[in-house]
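Visitor: The structure's right below; bear with me while I get my questions together.
No value in this document is a laboratory result; all are computed from the given coordinates. Note that the coordinates shown come from a computational prediction; the quantities given were computed from them, not determined experimentally. Backbone-built Cβ (ideal geometry, glycine too); neighbour counts: all protein chains shown.
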Amino acid sequence: MLVAPTRSRDATALQRRIRSRQARIGIVGLGYAGLPLALECAKAGYSTLGLDVDEAKVSQINAGTSPVSSIEQSAIRAAVAAGLLQATADFRPIDSLDCIVVCVPTPLTTQNLPDTRYVEAAMRAIADNLAPQSLVVLQSSSYPGSTRELALPALESRGWRVGCDFYLAYAPERVDPGNRRYGVRNTPKLVGGITPTCAKVACSLFEQLVETVVPVRSPEVAELAKLVENTFRFINISFVNEVALLCDRLGLNVWEVIGAASTKPFAFLPHYPGPGVGGDCIPVMPLYLEWCAAREELPLKMVAAARAVNQRMPEFVVEKLARLLRARQARSLEGARVLIVGVSYKPDLADLRNAPSLQILSLLQEHGANPSYHDPLVPTLLVGDAALTSTGLDTVADYDAVVLVTPHRSIDYDRLIARSRLILDTQNALANRGASNVVHL
Ligand code: SAJ
């Protein structure tokens, strides 16, 4: 058991410990948002303790391997070898920490409502072990009021006062998995404290970790800003998906239309149609926003409409494929051999969270087709109860059609085009190659 250091008696002393790197930092939840933050803390010279209920993930990190596909093993190995990163499934050592950042999942329930059980469990575990004069930051994306409603009561349950005996803030993650340009350090960090002192302490932590800290008036401002960012993206994607449906009717190339609109140097931010919207943020957080508005008896119409459009895209892909098979091969989907290329929810990641490819595979099976898939990063997957294994591209000529769902950079597209009878390109990844057997969405 780590011995709790003697505690300073005020926020200034805690800020001093933070600035001098004496502070010990805990990251609760070592996923695609928590692990990059833990690595950033270690890189900044902090003794960092990763806490996760998943023992396998804890063992992987302590062994210097990466449990998250978008995070390099070398970064973890270096931090562990330097003695700056350690992982544990035991939450008792929280009593030896100065700062704890909670990065646990905030999914949806089966009724598509906010599921905050992991945040609540984390806050209970922290409350049970927290030492006085510690900083707790909620980072998980959630609805406005989550910090005040879910974290504060748990932490005050010991009779402590926020802003005096402990400090509490909200600072949302803005991780874009696989993004090689923006990471934790160079993505501005919103920080909203329950009290001004809480805000000061939280800002002093993130000032050591990121280039730009953006203090906001309250946790609610930061919580809502995060949902607005994601919902903005979700709605804009749905709009161009709807334009793609229209262009299909008009016989126009939606990518050319968006390219043309993008020449406007102001007031237009291009988004692109696709086979559907994956990941566990963009398709999820707009429903947190919708729920929050409904709680105020203000139904948000845009989110529901956007969701209906985005959820329609896998069906549209299958419908378009059926039309192409009829037109070009005079055959129906029934019995057709179809190869899905790229199944993860976005390129160059081995991540199937809400991946539209899974719905496309399932729809193809429902239409009596015989679907297989190829993804160099995803060796096996489940479609309903059926286990599929990634097939090689050497037999691609045997398929009636290929559907390019996720264009990983590692795939040899010249070879794929040369050996495929027909390719439905759902992401315009093969444009301008002049291949007559390639059709865009
Ligand atoms: N997509 C489209 N059209 C677009 C952009 C994306 O169909 O124009 C699809 C993608 O194919 C993918 C899904 O939407 O299936 C989500 O795409 P994403 O790039 O937003 O992927 P995420 O969820 O991994 O990362 C996002 C962050 N991405 C970017 O800002 C580019 C950001 O929105 C959030 O910081 C992050 O989720 C989060 O955790 O909230």
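Visitor: Which far-off residues, 5 or more places away or on another chain, put their amide H under 5 Å from the one on residue 426, with H placed in the peptide plane?
Guide: Those lying under 5 Å, H to H, from residue 426 are 404.
Visitor: May I ask you to evaluate 6.51 cos²θ - 1.76 cosθ + 1.60, the Karplus curve with θ = phi - 60°, for each residue of the range 163-173 and list the ³J(HN,Hα) values in order in whole Hz, giving x for glycine and proline?
Guide: So the Karplus estimates, Gly and Pro as x, are x, 10, 8, 8, 10, 9, 8, 10, 8, x, 7 Hz.
Visitor: From the helices alone, meaning DSSP H stretches of at least four residues, give me the mean residue ellipticity at 222 nm for the chain, per-run term -39500 (n - 2.57), in deg cm²/dmol to the nearest 500.
Guide: Helix-only estimate at 222 nm: -11500 deg cm²/dmol.
Visitor: Using only Cα atoms, locate the centre of the range 263-331 and the centre of the range 356-385, then give the distance between them in Å, rounded to an integer.
Guide: Using only Cα atoms, the two centres lie 20 Å from each other.
Visitor: Then there is this: Which whole-Hz couplings ³J(HN,Hα) result when phi for each residue of the range 372-385 is put into the Karplus expression 6.51 cos²θ - 1.76 cosθ + 1.60, θ = phi - 60°, listed in order with x for Gly and Pro?
Guide: 10, 9, 10, 8, x, 9, 10, x, 9, 7, 10, 10, x, 9
Visitor: Can you classify the range 130-257 as rounded, prolate or oblate using the Cα gyration tensor, where a ≥ b ≥ c are the square roots of its eigenvalues, rounded means a/c under 1.5, and otherwise it's prolate if a/b beats b/c and oblate if not? Intermediate values should be presented prior to the final figure.
Guide: Numbers: a/c = 3.89, a/b = 2.35, b/c = 1.65.
Prolate, because a/c is 1.5 or more and a/b exceeds b/c.
Visitor: Assuming a ≥ b ≥ c are the square roots of the Cα gyration tensor eigenvalues, decide whether the range 329-441 counts as rounded (a/c under 1.5), prolate (otherwise, with a/b larger than b/c) or oblate.
Guide: oblate
Visitor: Comparing 179, 354, 310, which has the greatest mean-square fluctuation in the GNM of the chain with Cα pairs linked when under 10 Å apart?
Guide: Maximum fluctuation in the GNM of the chain, among the listed residues, is at 179.
Visitor: For residue 370, enumerate residues with amide H under 5 Å from its amide H, sequence gap 5+ or separate chain, H modeled in the peptide plane.
Guide: Answer set, sorted by chain and number: 335, 336, 337, 338.
Visitor: Under 19 Å from the Cα of residue 320, which aspartates and glutamates turn up, not counting those fewer than eight places away in the same chain?
Guide: Result set, ordered by chain and number: 242, 248, 256, 334, 366, 400, 425.
Visitor: Once a ≥ b ≥ c are taken as the square roots of the eigenvalues of the Cα gyration tensor of the range 11-217, is the result rounded (a/c under 1.5), prolate (a/b larger than b/c) or oblate (a/b not larger than b/c)? Can you show the working numbers first?
Guide: Numbers: a/c = 1.34, a/b = 1.18, b/c = 1.13.
Cα axes put the range 11-217 in the rounded bin.
Visitor: Can I ask one more? Report, by chain and number, residues whose modeled amide H sits under 5 Å from the one on residue 47, excluding near sequence neighbours (fewer than 5 apart, same chain).
Guide: 25
Visitor: Among 63, 429, 18, which residue has its Cα furthest toward the positive end of the charge dipole of the chain, with +1 on Lys/Arg Cβ and -1 on Asp/Glu Cβ?
Guide: It is 18, whose Cα lies furthest towards the positive end.
Visitor: If you rank 320, 346 by fewest surrounding Cβ atoms within 10 Å, what's the result? Intermediate results must be reported in sequence, preceding the final value.
Guide: Numbers: 320 19, 346 22.
The order, fewest Cβ neighbours first, is 320, 346.
Visitor: Next question. Between 251, 34, 26, where does the largest GNM mean-square fluctuation fall for the chain, given springs only between Cα atoms within less than 10 Å?
Guide: 251
Visitor: What spacing in nm lies between the two simple spin-label points modelled at residue 156 and residue 332, each 7 Å away from Cα in the Cβ direction?
Guide: Result for the modelled spin labels: 6.4 nm.
Visitor: How about the range 137-221: which trypsin sites (Lys or Arg not before Pro) there are in a DSSP loop, with at most 15 other Cβ atoms within 10 Å of their Cβ?
Guide: Working: sites: 148, 158, 161, 174, 180, 181, 185, 189, 200, 217; in loops: 158, 161, 174, 180, 181, 185, 217.
When the trypsin sites (Lys or Arg not before Pro) of the range 137-221 are filtered for loop state and at most 15 Cβ neighbours within 10 Å, 158, 161, 180, 181, 185, 217 remain.
Visitor: Quick one: Karplus J couplings for the range 69-81, per residue in order, coefficients 6.51, -1.76, 1.60, θ = phi - 60°, nearest Hz, x for Gly and Pro?
Guide: Calculated HN-Hα couplings, in order: 4, 8, 10, 4, 4, 4, 5, 5, 4, 5, 5, 5, 5 Hz.
Visitor: What share of the DSSP beta bridges in the range 11-217 is antiparallel, in percent to the nearest 5? Don't skip to the answer; put the middle values down first.
Guide: Working: 3 of 30 bridges.
Close to 10 percent.
Visitor: Straight-line reach from residue 57: which lysines have Cα under 30 Å away, leaving out those fewer than 8 places along the same chain?
Guide: 43, 189, 226, 346
Visitor: Output the 0 to 90 degree angle, nearest 10, between the alpha-carbon long axis of helix 219-250 and the longest principal axis computed from the alpha carbons of the chain.
Guide: 0
Visitor: Working only with C-alpha atoms, what are the Rg and Dmax values of the chain, expressed in angstrom?
Guide: Taking only Cα atoms of the chain, I get Rg and Dmax of 24.1, 79 Å.
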